[in-house]
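Structure first, commentary second.
The values are calculated or read from the model by the stated rules, or taken from the named source; none is laboratory data. None of the values given here were measured: they were computed from a predicted structure. Every residue, glycine among them, receives a Cβ derived from its backbone with ideal geometry; neighbour counts consider all protein chains shown.
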């Protein structure tokens, strides 16, 4: 008997997870594997976070929290915007979520109807378009390149035929690592406000920049939805905790959705994360380590023929144009893994139109792994 499977479930895979599975299978066979495919810090959560989790295990029942999260954590997040950006945020607008993935589900459900059209940069994080598609919202891909720093622009939005209901931006971006510079961000937000386009700003890589600091959308508007996470800068990937800053008029709808979809974010993770904002010395040391690995890859990858790289102003990725090496990045990445043990992500994960000519390298892992990986890549390409 063949029962129905919903058509909306037929979204493309998150290819990097398929790469991870193949890399883990290769490692299980006893071969050395170097993970340049994962956007995951190679460091554990800071000690104060781990200690807070231990205390909560010993002292708390760890039942459900409010749907929007623990009051102390929400206040700490609000205080973070004042300390880091000079922006005042009412803690009532802070929504703690089950990872940033949970935030995107709530944001998309709360902001868009089936049939709405939401623009986003390509290349970009694939889960945006796949979640939108599953919810019946049409993703409208804006093909970006070096001329706009791989970021959306008002001019690109003007070229879109038909009405747009939303725009998703990511600064720093996955996979390119580029940021939207402050003046450009202000222009883009003003455009969205004029055109009544709901802006969703993915800021999960804030704190990981190599030069100019990434600006929050909250510096320019209260109409946007801001998404952040404890996974990247705070090095809490597996704790599955993120947050949103919502406009006031969306709060009750989001609360009802959160109550029904998730009940509450993970309680243990929330108690741990409440200590995260006191760990900046340790966390900034992690960023310094990423910078060292970034410098290594920027120096060594061009020697192996990967010399067309996006600027990598933030996050922990290098996005490479490999047109002169292959027109099938999926097959190329499979060969690279099988023959060198170096796992990388094909560009088709991020750009369904041009991604077969691109690859992403992550430098989030240990420096020693980066050294060995580039050594193997250079020998393979020699």
Looking only at the stretch 85-103, decide whether some residue is farther than 30 Å from residue 156 by Cβ, assigned to a helix (DSSP H, G or I) and free of Cβ contacts under 8 Å to residues at least 40 places away in the same chain. yes
When both residues are 6+ apart or on different chains and their Cβ atoms are under 6 Å apart, which pairs have a first residue that lies in the stretch 354-373 and is in a strand (DSSP E or B), and a second that is surrounded by fewer than 22 Cβ atoms within 10 Å (Cβ to Cβ) and at pLDDT below 95? 362/38; 362/39
Taking strands (runs of 3 or more DSSP E) that fall entirely within the stretch 149-249, which contain at least 1 residues that are within 30 Å of residue 68 (Cβ to Cβ) and free of Cβ contacts under 8 Å to residues at least 60 places away in the same chain? 166-170, 198-202, 225-229
In the stretch 311-331, the residues that are part of a helix (DSSP H, G or I) and more than 24 Å from the chain's Cα centre (by Cα): 331
Boolean, residue 105 is buried (at least 16 other Cβ atoms within 10 Å of the Cβ), more than 30 Å from residue 160 (Cα to Cα), in the same structural domain as residue 220 (by TED's automatic domain parsing) and at pLDDT 95 or above: no
Picked from the stretch 290-307 (must be over 24 Å from residue 206 (Cβ atoms) and part of a helix (DSSP H, G or I)), the residue nearest to the chain's Cα centre (by Cα) is 301
For residue 247: the one exception among (1) closer than 27 Å to residue 183 by Cα; (2) within 16 Å of the chain's Cα centre (by Cα): (2)
Can you pull out the residues in the stretch 126-148 that are farther than 15 Å from residue 350 by Cβ, touching a residue at least 60 places away in the same chain (Cβ under 8 Å) and touching a strand residue (DSSP E or B) at 6+ places or on another chain (Cβ under 7 Å)? 133
Is it true that residue 52 is crowded, with 20+ Cβ neighbours inside 10 Å, more than 22 Å from the chain's Cα centre (by Cα), not in a loop (DSSP other than H, G, I, E, B) and not assigned by TED's automatic domain parsing to the domain that holds residue 374? yes
Is one or more of the residues making up the stretch 252-263 in a loop (DSSP other than H, G, I, E, B), without any contact (Cβ under 8 Å) to a residue 60 or more places away in the chain, over 15 Å from the mean Cα position of the chain (by Cα) and within 20 Å of residue 95 (Cα to Cα)? no
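For residue 182, are the conditions met, namely being crowded, with 23+ Cβ neighbours inside 10 Å and modelled with pLDDT of 95 or more?
Considered against the rule, which asks whether it is crowded, with 23+ Cβ neighbours inside 10 Å and modelled with pLDDT of 95 or more, residue 182 comes out as no.
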